[in-house]
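In what follows, a single structure is set out as structure tokens and then discussed.
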Amino acid sequence: MPLWEEILRAVVGSFFGTVGFAMLVHVPKRAWLASGVIASFSYLVYWGCLHIGFSDPTSIFLGAFFGSLAGLLCARRMKIIGTVFLMSAVVPVVPGLGLYRMMAFLAQNRIGEGADMGIRAMITIAMIALGLGAGGMIDKMLHAHSLRNHHI
Amino acid sequence: MTNHFTEQTPEASCMEALQTAGRIIMENGGETYRAEETVNRMGTGLGLENVESFAVPSGLFISYRGEDGNPVTSVKRVRRLGRNLTRVDEVNQVSRKVFTGEMNCAAALARLREIDAMPGAFRGIWSLPAAFLCACGFTALFGGGWLAIAIAGVVAALVQGMETLLDRFRNRGLTASVVGGFVTALLPHLLVFVIPDLQVELIIAGAIMPLVPGLAMTTAVQDTMRGDMVSGLSHGAQAILTAFLIAGGALLAVAVIRQITGGAI
């Protein structure tokens, strides 16, 4: 696949996929566009890190980390709950395919490969949690005394 | 004679406002720390003294010092668990206004009742296009072709329709996750008999995305980061259980297909 197509898929796919997901959890309408943009940004960071040679877990961590920072900044500016944008930042990297592959291997009695996929999926989830946590911690430190911190 | 069932003292209506705000947040996918903060800030904004709140995913406890100096405490059981971030956001706006003194207790309670009754923009049949869009986007992201994108969208919309039906029978949640995972994996495998070169794996990966517990995962991390381990672990367990149930449904579907095809797929 040419590079331009990969980038186009990353931006457009994560944008529309996340906007659809946001609609399903009834995200406020004024946050739809920003949710998609945050998701695209987060996925581009992940994709870029992978492309320059970082490992998959590190790339996921960095994508979630920068995505959560951008999301919390956006939440502050738009005065919308941060959960909306944090969720958007992580949805594109949730290991849906990994979990499915794990089960497909297990159904074929390929236990070793299934376990390998399961562990990879769990590592991905842990990296997402770490990235979100680290982003939230940095944001909290930066805005510890801000009055605008109310309920973000 | 005073009718105690229809007339409330200002203090009682303040307590109801706090309860309603906390309950709406927790019933609609908000974090427990957010429910506690909202109650505390609203209580302070309403002029109540020594406001304390404690929330766990299944209940909310509120306490403050009453006018007579004695503590007033209430317990609210939270049963319904949904996903409506617009309601959570609206409660947040009310909380801001109460905290800054722009809204009094009666106005806050009236607005909270409106929010509680507010229908979601994408409920029922309207959630189908949202699921379609979500699945199409993610299938494109994973590298699917036009046909795979379209099929993933249709499968996700069908599964969403089934979830809506299950919801009508009060059977959403864990059952819906298993059924959703099963149907999402089964339909593309069946289509292979008609379209042999179908990108089955990508279709399933895309169509499964509307089911993934992205909100529960985010809530778990947020609660844990705020030091609320009980709620964090509870939401985390819910997210992992949901993910495994979806995958379990997919496993069943693959097993059924392997039985039908004699292990060829």
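Okay, here's what the table says:
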{"read-out": "Residue among B:108, B:130 that is under 25 Å from residue A:89 (Cα atoms) and either surrounded by 23 or more Cβ atoms within 10 Å (Cβ to Cβ) or within 16 Å of the chain's Cα centre (by Cα) (or both)", "value": "B:130"}
{"read-out": "Some residue of segment B:209-217 being closer than 19 Å to residue A:68 by Cβ, of a type outside the set (A, V, I, L, M, F, W, C) and either over 21 Å from the mean Cα position of the chain (by Cα) or within 12 Å of chain A (Cβ to nearest Cβ) (or both)", "value": "yes"}
{"read-out": "Residue that is farthest from the chain's Cα centre (by Cα), among those in segment A:72-114 that are within 21 Å of residue B:224 (Cβ to Cβ) and without any contact (Cβ under 8 Å) to a residue 40 or more places away in the chain", "value": "A:83"}
{"read-out": "Leading residue by the ranking (farthest from residue A:66 (Cα to Cα)) among those in segment A:21-40 that are at the interface with another protein chain (Cβ under 10 Å from one of its Cβ atoms) and among the β-branched types (Val, Ile, Thr)", "value": "A:25"}
{"read-out": "Qualifying residues in segment B:20-35 (those that are within 12 Å of chain A (Cβ to nearest Cβ) and surrounded by fewer than 23 Cβ atoms within 10 Å (Cβ to Cβ)) - the one nearest to residue B:118 (Cα to Cα)", "value": "B:29"}
{"read-out": "Residue list for segment A:46-71, restricted to those being in contact with a Ser or Thr (Cβ under 6 Å, 6 or more places away or on another chain), within 13 Å of chain B (Cβ to nearest Cβ) and either hydroxyl-bearing (Ser, Thr, Tyr) or without any contact (Cβ under 8 Å) to a residue 60 or more places away in the chain (or both)", "value": "A:46"}
{"read-out": "Helices (runs of 4 or more DSSP H) lying entirely in segment B:63-156 (those with 2 or more residues that are farther than 30 Å from residue A:1 by Cβ and at the interface with chain A (Cβ under 9 Å from one of its Cβ atoms))", "value": "B:85-99"}
{"read-out": "Test: residue in segment B:167-174 that is among the charged types (D, E, K, R), part of a loop (DSSP other than H, G, I, E, B), surrounded by fewer than 19 Cβ atoms within 10 Å (Cβ to Cβ) and not assigned by TED's automatic domain parsing to the domain that holds residue B:86", "value": "yes"}
{"read-out": "Condition met for residue A:99 (of a type in the set (A, V, I, L, M, F, W, C), within 11 Å of residue A:124 (Cα to Cα) and within 13 Å of another protein chain (Cβ to nearest Cβ))", "value": "yes"}
{"read-out": "Counted residues, segment B:23-45 - those being in a helix (DSSP H, G or I) and either closer than 16 Å to residue B:218 by Cα or outside the structural domain of residue B:99 (by TED's automatic domain parsing) (or both)", "value": "7"}
{"read-out": "Condition met for residue B:77 (closer than 27 Å to residue B:230 by Cβ, among the basic types (Lys, Arg), more than 29 Å from the chain's Cα centre (by Cα) and not assigned by TED's automatic domain parsing to the domain that holds residue B:214)", "value": "no"}
{"read-out": "Filter result (among the small types (Gly, Ala, Ser) and in a strand (DSSP E or B)) within segment B:46-62", "value": "B:53, B:55, B:59"}
{"read-out": "Those residues of segment B:216-239 which are small (Gly, Ala, Ser) and assigned to a helix (DSSP H, G or I), in sequence order", "value": "B:216, B:220, B:231, B:232, B:234, B:236, B:237, B:239"}
{"read-out": "Qualifying residues in segment A:102-116 (those that are buried (at least 23 other Cβ atoms within 10 Å of the Cβ) and not small (Gly, Ala, Ser)) - the one farthest from the other protein chains (Cβ to nearest Cβ)", "value": "A:102"}
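The values are calculated or read from the model by the stated rules, or taken from the named source; none is laboratory data. As the structure is a prediction and not an experimental result, all values here were calculated from the model. FYI the Cβ positions are ideal-geometry reconstructions off the backbone, even for glycines, and counts take in every protein chain you see.
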